[in-house]
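Before any comments, here is the structure.
The values are calculated or read from the model by the stated rules, or taken from the named source; none is laboratory data. Just so it is clear, the model here is predicted, and its values are computed rather than measured. Positions of Cβ are generated from backbone atoms using ideal geometry, with glycine treated the same way; all protein chains shown enter the neighbour counts.
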Amino acid sequence: MIGYYVHHQGRGHLHRAQCIAAHVQHPLTILSSLPKPQSWAGGWVPLPPDETDAPVDPTARGRLHWVPIRHPGHRERMGAIAEWIERVDPALFVSDVSVEAATLARLMGAPVVVAAMRGDRGDEAHRLAYDLADALIAPWPQSLPEPDWPPHWHAKTLHTGSISRYDGRPRPRPDVDGAAARKEVVVMLGAGGADVTERQLDEAVRATPDWSWTFLGGPRAAWSGDPWPVLCRANVVITHAGQNAVAECAAARVPTIVIPQDRPFGEQHATARALHAAGLATVRETWPPPHAWTALLAEAAAREDRWKHWSFGDGARRAGRLLTELTLRPTRRLACAPR
């Protein structure tokens, strides 16, 4: 049995877990405070929420990320994970992503795999989780590594390329009869929050009368559970630099404008820098002013498709094969006594 912790922010962590699970040759149980998807037929451990507006020492003086003192929800959450590990004795525990869940699993003697994230992960909490992990899964290509990682992290990292639920999915046939006279730009902001305002979106629409704008998530539209058909018909997609959003644009092989949002540890800005360096997407650090949009959309639409260098199409299969191999690996026995 494999346990797989899924973070509740956005939907990308859950999509990735489901993709990888389809290629694992062992039962896999997801532990998360997200609602269980109807499509998920495997084990599921619901975790209580542990957020609070007034946390007390949530970082344990900078050693961890989220361990608020005397918080009943957090205690119940950690207890549920510990109870499952004690009862099931999993062959492997995957954290995507929580330093605390990874550390708890390793303290209980379970081998741990951590889903790596871009950005500055040199803080003490990330170093703890990445150091104790048996393996790291990096959903980006090895040709675009994180520049500041120590060698021992690289040595145990599997670079899978991006992982998308749409890898290998056929593109829908274009609706020639219903094709719009204007080019279509799709703004995909997803379920994880957005830094752009409705006013900024309205100004961009008014500034580009030759373009038809469609919105997925954000302040102007509801989040879409399946944006694939819309992505495939778009001439240009505008999105943030979250791992899942970039992976879905890459799977669709669609010209993309990436505008990173502010996230902890500079994750999205690090991803945007990698995409820019490799010429994979048109990158802007902040939302452009209205007068810049006409030229920016033209620039993006004319970009050569290079997404194959980011999205190999088999990232989930590579990750699933690693997890399967790790469950079969003999336990290392070291000549030391317990303390």
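Odds and ends about this structure:
- Test for residue 222: is it among the hydrophobic types (A, V, I, L, M, F, W, C) and surrounded by 19 or more Cβ atoms within 10 Å (Cβ to Cβ): no
- Number of the condition not met by residue 23 [criteria: (1) surrounded by fewer than 18 Cβ atoms within 10 Å (Cβ to Cβ); (2) farther than 20 Å from residue 326 by Cα; (3) within 20 Å of the chain's Cα centre (by Cα)]: (2)
- For the range 107-130, filtering for residues that are part of a helix (DSSP H, G or I) and within 24 Å of residue 269 (Cα to Cα) leaves 7.
- For beta carbons closer than 6 Å, sequence separation of 6+ or different chains, a first residue in the range 166-192 that is in the same structural domain as residue 204 (by TED's automatic domain parsing) and assigned to a loop (DSSP other than H, G, I, E, B) and a second that is among the polar types (S, T, N, Q) and at pLDDT below 90, the qualifying pairs are 192/9.
- Screening the candidates 37, 90, 48 for the property of being assigned to a loop (DSSP other than H, G, I, E, B) and over 27 Å from residue 225 (Cα atoms) yields one hit, 90.
- For the range 193-208, the set of residues classified as under 21 Å from residue 282 (Cα atoms) and either assigned to a loop (DSSP other than H, G, I, E, B) or in contact (Cβ under 8 Å) with a residue 24 or more places away in the chain (or both) consists of 194, 195, 196, 197, 200, 203, 204, 207, 208, listed by residue number.
- Looking across the range 70-105, the residues that are of a type in the set (D, E, K, R) and surrounded by fewer than 19 Cβ atoms within 10 Å (Cβ to Cβ) come down to 70, 75, 76, 83, 86, 87, 89.
- Checking each residue in the range 283-314 for being in contact with a Ser or Thr (Cβ under 9 Å, 6 or more places away or on another chain) and over 30 Å from residue 20 (Cα atoms) picks out 287, 290, 293, 294, 296, 297, 299, 300, 303.
- Scanning the range 87-101 turns up no residue that is over 21 Å from the mean Cα position of the chain (by Cα) and aromatic (Phe, Trp, Tyr).
- Residue within the range 6-19 that is over 18 Å from the mean Cα position of the chain (by Cα) and in contact (Cβ under 8 Å) with a residue 24 or more places away in the chain present: no
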